[in-house]
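**Q** The structure that follows is given in the form of structure tokens.
The values are calculated or read from the model by the stated rules, or taken from the named source; none is laboratory data. Just so we're clear, the structure is a prediction, and the values are computed from it rather than from any experiment. So basically every Cβ, Gly included, is an ideal-geometry build from the backbone, and we count neighbours across all protein chains shown. SASA here: full protein model, heavy atoms, side chains in, ligands and nucleic acids out. Shrake-Rupley method; radii C 1.70, N 1.55, O 1.52, S 1.80 Å.
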Amino acid sequence: MIVRGKHRWWHFFTHPGAVLVAPAFILYTAFFVYPAAMAFYVSLTRWSGFSPVRTFIGLDNFRELYHESLYWRAVSNNFIFMFGAGAAIFFFALLFAAALSNRNFPGRRFFKTMLFAPYVVSIVAIAVLWTFVYDPNWGLLNSMLSFFARFLVRLGLLSPDRAQVGVLWLGSWGMAMPSLSAVMVWAGIGFYVILLMAGIDRIPDDLYEAARIDGANEKQSFFHITLPLLRDVLVIAISIHIIGALKQFGLIWAMTRGTNYTHTMETYMYDVAFEPRTMSFRMGYGTAMTVVLFFMVILLTFTFNIIMRKAEVEY
Amino acid sequence: MARNEHLKDYTPTRGLPSGLGNKIIFVILAAWGAFSVMSLLWIVVTSLRTDQDLFSSPWGLPSAPQWVNYKIAWTIAKMGQYTANSVIVTLSSVFCMVVISSMAAYAITKTDFFAAKPLFFYFLAGMAVPASLLLVPLFMTLKNFNIRDLALFSVGDYWLIHIKDFYLIDSRLGLILIYTTLGIPFTVFVLTGFFRTLPTALAESAAVDGANEYTTFYRIFLPLSKPGLITVAIFNFLYTWNEYQFALVFISNERLKTLPVGLYSLALATQHSNNWTALFAGLVILMLPTLLIFIILEDRITKGLTVGAVKA
């Protein structure tokens with residue numbers, strides 16, 4: 001080792017490790033840890049963002065949140081996206097990953113690329129693209145439907161007066177939630193397919209070879225080797241999805257701006273704290289929402305992982 | 001060995017065995033793919049049509065390619081300005097993020113700094129925090145750095161230090177600072193994992209040869225960790241280029257907006273101006289760079305994606 005001579009207190013700061021870690025440490029502390037800690041205090045205040053006056057009001061923000069129906073609507077929307085879009089994502093992702101892991105699957109490479117491509121595209125671009133798809137007048141979906149309707153009319157299966165298609169895909173809460181979930185599935189599935197495929201690929205060859213020598217067919221080795229061993233990766237993937245669903249922002253904001261009761265926690269927070277059109281600028285109240293979100297993220301990932309670990313012992 | 005000769009070229013079927021299930025999945029995937037490809041083609045084709053054409057038939061092909069849509073999007077709709085902002089902000093933040101984080105990751109894994117382990121968990125903790133928690137406090141913190149006019153130390157008629165109009169809110173510098181900081185936990189996490197795979201013996205033999213820690217880092221470990229640095233840089237590029245929430249909160253000046261925020265305000269403006277085909281052109285401008293990067297670097301991206309999640 002390099003001899004540094006007698007240790008003085010300042011040697012702590014001149015140690016190469018300390019010097020190299022310093023820029024990251026300082027930036028991260030000043031602009032990440034400090035604001036994160038600060039958030040807990042801000043959530044206890046009333047502040048407009050412009051005035052220097054910041055009033056300490058204790059837990060009033062949280063009390064108000066508890067009684068605000070629009071906020072609960074936003075929370076429940078997050079959970080609807082989590083379960084609704086999540087069920088579809090994991091159903092299809094498992095199916096696709098299992099099929100695409102088969103090396104003779106036709107068009108394997110193309111499908112992988114195609115499913116994953118939305119992952120690299122800005123969520124705003126995806127939102128704008130799908131607003132075009134959902135546009136009631138000239139959108140892709142309605143023009144497809146009316147094309148189909150005209151086709152049915154020509155075949156005599158549909159009366160012409162019922163062939164006018166004008167579905168308002170984002171026009172009401174009941175329509176918008178499935179429509180938005182569909183976009184989430186389309187945009188998000190590639191990531192999970194890739195993750196699951198990597199998980200399948202990671203399973204050691206000898207297991208399959210041993211199974212083959214023991215006379216197992218391909219179907220048996222899929223259900224008794226691949227699926228059970230995929231469990232760890234699936235747990236990680238679902239945790240990632242849970243966190244992502246709680247933090248849903250860009251897509252909703254760019255597509256509906258929270259109209260028709262489609263707010264999520266983060267869009268509602270943005271609306272309340274920052275949106276110039278809303279003119280509410282309630283910074284403390286908005287921060288209270290993100291503090292609740294923070295605890296939700298921690299709590300949900302924790303409980304989910306504990307439940308899954310318990311089940312693993314039983315397995 | 002001879003007994004298992006028949007297994008030599010055997011690659012096991014790990015996925016669903018071929019059969020009816022596979023055929024159904026193929027049909028679903030084909031429909032899915034057809035929709036994805038068609039919607040993308042539709043965007044590109046429509047960006048070359050006129051508004052009248054779009055309203056009379058949403059599906060048609062352009063009679064003559066309307067390159068003027070791109071000109072309108074680039075100049076009048078300011079997509080050119082937004083692109084420049086995005087390029088400046090993204091490249092600077094990715095560069096800072098990777099340099100700073102690689103230094104930290106080296107300090108944590110390859111030096112005998114006694115606080116290395118606690119520091120690793122200190123950085124790691126950031127990955128559990130939803131970024132939106134920082135929105136308001138960061139807004140307050142950065143506001144404190146606003147300097148309208150600060151002059152210090154006069155020398156005759158001159159000021160030794162004279163700062164004018166220095167802002168971190170509504171400024172590209174502020175955004176670069178935010179993105180660099182937000183990227184640190186993830187980048188440090190991935191790079192420490194990468195540095196751990198490199199042999200520490202290299203550092204020891206370099207020390208024997210008289211190199212100090214900085215030289216060892218710069219001359220030996222940085223070149224060796226190039227694949228890791230590139231992977232991290234790609235992911236941070238994608239994240240920063242596409243980031244929406246912080247750019248929306250911290251930038252309101254029309255001239256400083258990044259592409260996602262700019263496209264969103266263009267989409268809002270289009271509802272009144274009705275210049276839809278220019279919006280399609282703007283959409284192509286936003287999507288093209290990342291899609292091109294994806295097509296070129298697909299394997300690297302999909303492999304890097306699983307490093308954090310699957311191997312951990």
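For every residue, the table says whether it meets (1) buried (at least 21 other Cβ atoms within 10 Å of the Cβ); (2) touching a Lys or Arg at 6+ places or on another chain (Cβ under 8 Å); (3) of a type in the set (Val, Ile, Thr); (4) at pLDDT below 85.
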{"site": "A:246", "(1), (2), (3), (4)": "yes, no, no, no"}
{"site": "A:252", "(1), (2), (3), (4)": "yes, no, yes, no"}
{"site": "A:260", "(1), (2), (3), (4)": "no, no, no, no"}
{"site": "A:300", "(1), (2), (3), (4)": "no, no, no, no"}
{"site": "A:313", "(1), (2), (3), (4)": "no, no, yes, yes"}
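**Q** Does residue B:228 qualify as being among the small types (Gly, Ala, Ser), more than 13 Å from chain A (Cβ to nearest Cβ), part of a helix (DSSP H, G or I) and open to solvent by less than 10 Å² (accessible area, probe 1.4 Å)?
**A** So residue B:228 fits the description; yes.
**Q** When the stretch B:169-186 is examined, which residues are found to be open to solvent by 20 Å² or more (accessible area, probe 1.4 Å) and in contact (Cβ under 8 Å) with a residue 24 or more places away in the chain?
**A** Scanning the stretch B:169-186 gives B:169, B:170, B:172, B:176, B:177, B:182, B:186.
**Q** On the given criteria, is residue B:198 assigned to a helix (DSSP H, G or I) and touching a helix residue (DSSP H, G or I) at 6+ places or on another chain (Cβ under 7 Å)?
**A** no
**Q** Does residue B:150 satisfy being within 30 Å of residue B:245 (Cβ to Cβ) and more than 20 Å from the chain's Cα centre (by Cα)?
**A** Working: within 30 Å of residue B:245 (Cβ to Cβ): no; more than 20 Å from the chain's Cα centre (by Cα): yes.
Taking the combined requirement at face value, the residue does not satisfy it.
**Q** Here's another thing I want to ask about it. Could you tell me which residue of the stretch B:207-225 is surrounded by the most Cβ atoms within 10 Å (Cβ to Cβ), considering only residues that are out of contact with any Phe, Trp or Tyr (no Cβ under 7 Å at 6 or more places or on another chain) and not in a helix (DSSP H, G or I)?
**A** Among those that are out of contact with any Phe, Trp or Tyr (no Cβ under 7 Å at 6 or more places or on another chain) and not in a helix (DSSP H, G or I), it is B:211.
**Q** Which residues, taken from the stretch A:282-301, are touching a Leu at 6+ places or on another chain (Cβ under 8 Å), under 12 Å from residue A:39 (Cβ atoms) and more than 9 Å from chain B (Cβ to nearest Cβ)?
**A** Listed by number, the residues that qualify are A:288, A:292.
**Q** Can you tell me which residue in the stretch B:38-63 is farthest from residue B:274 (Cα to Cα), limited to those that are open to solvent by 60 Å² or more (accessible area, probe 1.4 Å) and either more than 11 Å from every other protein chain (Cβ to nearest Cβ) or not aromatic (Phe, Trp, Tyr) (or both)?
**A** Here the residue is B:38.
**Q** Please go through the stretch A:6-48 and pick out each residue that is farther than 20 Å from residue A:62 by Cβ, open to solvent by less than 40 Å² (accessible area, probe 1.4 Å) and hydrophobic (A, V, I, L, M, F, W, C).
**A** Residues satisfying the conditions are A:18, A:20, A:21, A:22, A:24, A:27, A:30, A:31, A:32.
**Q** Please verify whether residue A:66 is at the interface with chain B (Cβ under 10 Å from one of its Cβ atoms), without any contact (Cβ under 8 Å) to a residue 40 or more places away in the chain and touching a helix residue (DSSP H, G or I) at 6+ places or on another chain (Cβ under 9 Å), treating the condition exactly as stated.
**A** Judged against the criteria, residue A:66 is not a match.
For (1) farther than 30 Å from residue B:258 by Cβ; (2) at pLDDT 85 or above, each residue gets a yes or a no:
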residue	(1), (2)
A:123	no, yes
A:128	no, yes
A:140	no, no
A:147	yes, no
A:156	yes, no
A:166	yes, no
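**Q** When you scan the stretch A:125-224 for helices (runs of 4 or more DSSP H) that lie fully inside it, which ones turn up with 2 or more residues that are open to solvent by 80 Å² or more (accessible area, probe 1.4 Å) and either in contact with a Ser or Thr (Cβ under 7 Å, 6 or more places away or on another chain) or within 7 Å of another protein chain (Cβ to nearest Cβ) (or both)?
**A** In the stretch A:125-224, A:173-202, A:218-221 are the helices (runs of 4 or more DSSP H) which contain 2 or more residues that are open to solvent by 80 Å² or more (accessible area, probe 1.4 Å) and either in contact with a Ser or Thr (Cβ under 7 Å, 6 or more places away or on another chain) or within 7 Å of another protein chain (Cβ to nearest Cβ) (or both).
**Q** Scan the stretch A:270-281 for residues that are in contact with a helix residue (DSSP H, G or I) (Cβ under 8 Å, 6 or more places away or on another chain) and either modelled with pLDDT under 90 or within 10 Å of chain B (Cβ to nearest Cβ) (or both) and jot them down. Reasoning before the result, please.
**A** Within the stretch A:270-281, the subset in contact with a helix residue (DSSP H, G or I) (Cβ under 8 Å, 6 or more places away or on another chain) is A:270, A:272-274, A:278, A:280-281.
Selection gives A:270, A:273, A:274, A:278, A:280, A:281.
**Q** Looking only at residues in the stretch B:132-162 that are open to solvent by less than 80 Å² (accessible area, probe 1.4 Å) and of a type in the set (S, T, N, Q), which one is farthest from the other protein chains (Cβ to nearest Cβ)?
**A** Filtering first and then ranking leaves B:154.
**Q** So which residues in the stretch B:216-275 are among the charged types (D, E, K, R) and closer than 18 Å to residue B:291 by Cβ? Walk me through it before giving the result.
**A** Taking the stretch B:216-275 and keeping what is among the charged types (D, E, K, R), we get B:219, B:226, B:243, B:254-255, B:257.
Answer for the stretch B:216-275, where residues must be among the charged types (D, E, K, R) and closer than 18 Å to residue B:291 by Cβ: just B:243.
**Q** Related question: Could you please let me know if residue A:109 is open to solvent by 10 Å² or more (accessible area, probe 1.4 Å), within 29 Å of the chain's Cα centre (by Cα) and farther than 15 Å from residue B:141 by Cα?
**A** Yes, satisfied.
**Q** Can you list the helices (runs of 4 or more DSSP H) lying wholly within the stretch A:242-315 that have 3 or more residues being without any contact (Cβ under 8 Å) to a residue 12 or more places away in the chain?
**A** A:283-314
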